[in-house]
Amino acid sequence: MAQALGQEVGEVVPVMATNRLPDDGLKGGLLMEGIDAVTRGAGLLSAVTLLFMTLIVVYEVVMRSAFNQPTVWVAEISVYAFVALVFLGLAVGQRESAHIQVEVLIDSVSAPTRRTLELIGAWLGLIFASITGWEMYCFAVSEYVNGTRDWGLLATPQWIPQTPVVIGYLLFCAALLREICMKSAPEAAWRRMALPAVLLAIMLALALMGRTDIQVAGTRMDWATLTIMGGAVLGAFLWNGLRVGLCVLVIIAVLGGLFYLSLSMSLLATGLILVAALMFLLAIGVPVGVTLGMIGLFGLLFMIRTPQLPMLSDRSWTSINSFTLTAVPTFVLMGSLLVQSGVTVKLFDMLVIWFGRTRAGLGHATVGASAVFAAVSGSSLATAATLGRVAAPEMTARGYSNRLTYGLVAAGATLGILIPPSIAMIIYGNTVGAPITVLFVAGIVPGVLLAALFALIVVVWSYVSPSSVPVGDRYPMSEKLGSLVAVLPFLLLIMAVLGSLYFGIATPTEAGAVGAIAALVLCIQQGRMTLPLLYKVLYDTVAVTSFIMLIVVGASIFGWVFDFLRLPRELVGVVTGWDLQPWMVVAMIAVFYLILGMFIESISMMLMTLSVTFPIIVALGLDPIWFGIVLVILVEIGLVTPPVGIVLFILRGMSGVPLRDITIGVLPFVALMLAFIALLYVFPEIVLWLPRQMS
């Protein structure tokens, strides 16, 4: 019926049966198969680059610490490798559907409507990636012409590391085009042939224009931007029909018109337009990174007196060209390798044996496993996936209720971004300029204390509902000691990561690489690693890293526009003008994050809002390190609150337990975390005491 309706109104015909186009679609599907092959090649190259980057960072640690011969090239080369794997990985993330989107609306509509919304998001993503990629190409060519070199010791010509950025955007465009073609195929042969013709015409037009921005008379747009945007809209009409093409055109026209009208509006009205546009694109399912980038693109084009599109390339390069951010993929890689090694199962078994006889002992073991695994993975999602496979089945098999089991596992997973090392802390520190080592140290006491409070809730639950918590088994001392031997390799890995970090052998950025290599050795020692498995782990890490870093790029573009318009300064002035007590402002910020956390993924939320909330916190005289820990707890809560709580959906998908039961089970822990934030406000020394002692 949907197919017949699509043919009747000249819309798309969904490709439902396979991941390939019909043989007569778009050059017999050869172009799509070619894009698929190139994307897989980019994934392989990105995976090898990730492994290379990890190895050379460990090499630097060894040479500096063991032989007192620090290198002069590792830091620079590792950053360039990171940039390459991030942008080459954008196509990989798109192919694997790894880019984060808000699915509240698209999950509640019919399949044809969802497909239409996804096609609209893909076309908007294609516009953003094409324009940004073109600006990056112009930027890289100008760097080559001018002979620009890096300030580092190697004095690398900048066009060399910038070239993978250009190629990455090109592959990202190809992957978006592949998705569009996989989701739909027009019936008419001339329409199938028209899209390649439009693409070829765009490329020829850009080649003829060269790098010079020639303004379209009487408008704010240059011919290159107009060609790309107009070509994409025309392509949407030709390939997907009237409905999709018209929606893309209307969104572009309305955004452009509103943003242009904001030039004569107050800053408050301008800010509201930005926020409304952001929420609208997120609501219709446009990926978060693309949404931030598109709003930034239109802001650069229409909200500023003189359009500043070259900032697209500047933000793409400078936001990722950071040694600090290289820790993100290495910590993700370490967590994936630990899961692969199987040692996490042995860790949980050891905790069960030691805590088994205590009241709610298995629950305490789950909390302990969450805390320990969080301390080496830095990822709440990895912690949730691991404990959902290991701890939850064991608890339910022994008679624990589903609500307590999955509520505890969900809450325990949130410790992954509080107990250091933490990916969220790395991104926060990199964004606001806070020292990451201090953030790591500041998270230790709150993380351990919160884990202890989780264990206390389990004890209280056992008294309130005794049927939910059975009595544990008793284990002999010989079995307890034997369990310690089984987890000795894991304990050595913890020493490698945390010891290298806290004894100054490795920086926080390098500790992730040390842990990843240690985890790889552990996998080999356990006999659970082969080349195909290693490639899969590396490939998956690239996909995860790409969507995180696309959000970083989009947030950087959006944040530049936000800052240029002086909106943060205006908001600080408004808040301070209210003359509220600091606790009231903190409470308002907490409510703001709790509401956002119901709809938006945690790192996305952090990057989208820091340009607003951080200046307010500083103006109130509150400590940035303290706010970093509080912010991490707030976004933790977002991971376990519906409708977007990602941890809840991970556990729902793994277990089949109704989402309602998981949500009810996690509510006491959410209430505890909110009370814990109030405690941190009253007693900030809980966060700041240990950093001050270590300083």
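Throughout, read-outs are computed from the coordinates displayed, never taken from laboratory work. As the structure is a computational prediction, the values presented were derived from the model and not from experiment. Cβ coordinates were reconstructed from backbone atoms using ideal geometry, including for glycine residues, and neighbour counts include every protein chain displayed.
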Residue-wise HN-Hα coupling along region 84-92, computed from phi with Karplus coefficients 6.51, -1.76, 1.60 (Hz; x: Gly, Pro)
4, 5, 5, 6, 5, x, 4, 5, 4
Hey, how many Å between the Cα centroid of region 210-237 and the Cα centroid of region 534-602?
31 Å
Aspartates and glutamates whose Cα lies under 19 Å from that of residue 183, excluding same-chain neighbours fewer than 8 positions away
8, 11, 23, 24, 33, 36, 96, 103, 107, 118
What does the charge count around residue 321 come to, taking other residues whose C-beta lies under 13 Å from its C-beta (Lys +1, Arg +1, Asp -1, Glu -1)?
-3
As a check on your grasp of the helix formula, calculate [θ] at 222 nm for the chain: sum -39500 (n - 2.57) over DSSP H runs of n ≥ 4, divide by the residue count, round to the nearest 500.
-25000 deg cm²/dmol
What distance in nm lies between label points placed 7 Å from Cα along the C-beta direction at residue 678 and residue 253?
5.2 nm
Quick one: Karplus J couplings for region 494-511, per residue in order, coefficients 6.51, -1.76, 1.60, θ = phi - 60°, nearest Hz, x for Gly and Pro?
4, 5, 5, 7, 5, x, 5, 6, 7, 9, x, 6, 10, 6, x, 5, 7, 4
Sum up the charges of everything whose Cβ sits under 15 Å from the Cβ of residue 142, counting Lys and Arg as +1 and Asp and Glu as -1, but leave residue 142 out.
-2
Rounded to the nearest 0.05, FRET efficiency between residue 151 and residue 564 (Cβ-Cβ, R0 25 Å) equals 0.50
Using the alpha-carbon centroid of each, what span in Å lies between region 127-193 and region 418-496?
43 Å
If you keep only loop residues by DSSP, which GluC sites (Glu not before Pro) in region 26-134 have at most 16 other Cβ atoms within 10 Å of their Cβ?
103
Go ahead and run the numbers for FRET between residue 108 and residue 261, Cβ-Cβ distance against an R0 of 41 Å, rounding to 0.05.
0.80
If you fit an axis through the alpha-carbon atoms of helix 267-283 and take the longest principal axis of the Cα set of the chain, what angle between them do you get, 0 to 90°, nearest 10?
80 degrees
Can you divide the C-alpha Rg of the chain by 2.2 N^0.38 Å and report the result to two decimal places?
0.98
Can you give me the long-range amide H partners of residue 185? Hydrogens built in the peptide plane at 1.01 Å from N, cutoff under 5 Å, separation of 5 or more residues or another chain.
13, 15
With each label point set 7 Å from Cα along the Cα-Cβ vector, what nm distance links residue 456 and residue 524?
4.6 nm
How big is region 2-320 along each principal axis, measuring the range of its Cα positions in Å and listing the largest first?
73, 51, 42
How about residue 346: which aspartates and glutamates have a C-alpha closer than 17 Å to its C-alpha, ignoring those fewer than 8 places off in the same chain?
394, 479
Cβ-Cβ FRET estimate between residue 536 and residue 479, R0 fixed at 22 Å, reported to 0.05
0.05
I need the phi-derived Karplus couplings for region 64-73: 6.51 cos²θ - 1.76 cosθ + 1.60, θ = phi - 60°, integer Hz, Gly and Pro marked x.
6, 7, 8, 10, 6, 10, x, 7, 10, 10
For residue 222, what residues show an amide H to amide H distance below 5 Å, using hydrogens built from the backbone and excluding near sequence neighbours?
216
Please work out how much length the chain gains when fully extended from residue 591 to residue 660, using 0.36 nm per residue of separation minus the C-alpha to C-alpha distance, in nm with one decimal.
22.6 nm
Per 0.36 nm of contour for each residue apart, how much would the distance between residue 283 and residue 692 grow if the chain were fully extended, relative to their Cα-Cα spacing?
142.9 nm
For the modelled label position 7 Å from the Cα of residue 464 along Cα-to-Cβ, which residues of region 385-419 have backbone nitrogen atoms closer than 18 Å?
400-412
Distance in nm between label sites at residue 269 and residue 242, each 7 Å beyond Cα in the beta-carbon direction?
3.5 nm
Magnitude of the Cβ-charge dipole of the chain, K/R +1 and D/E -1, about the Cα centre, nearest 20 debye?
740 debye
Quick one: helix 189-209 against the long Cα principal axis of the chain, what's the angle to the nearest 10°, folded into 0 to 90?
90 degrees
Between residue 149 and residues 5 or more places away or on another chain, which pairs have amide H atoms under 5 Å apart, with H built 1.01 Å from N, and which residues are they?
158
Give the angle, between 0 and 90 degrees and rounded to the nearest 10, that separates the Cα long axis of helix 602-619 from the longest principal axis of the Cα atoms of the chain.
80 degrees
With unit charges on the beta carbons (Lys and Arg positive, Asp and Glu negative) and the dipole taken about the Cα centre of the chain, which residue among 432, 687, 258 sits farthest to the positive side?
687
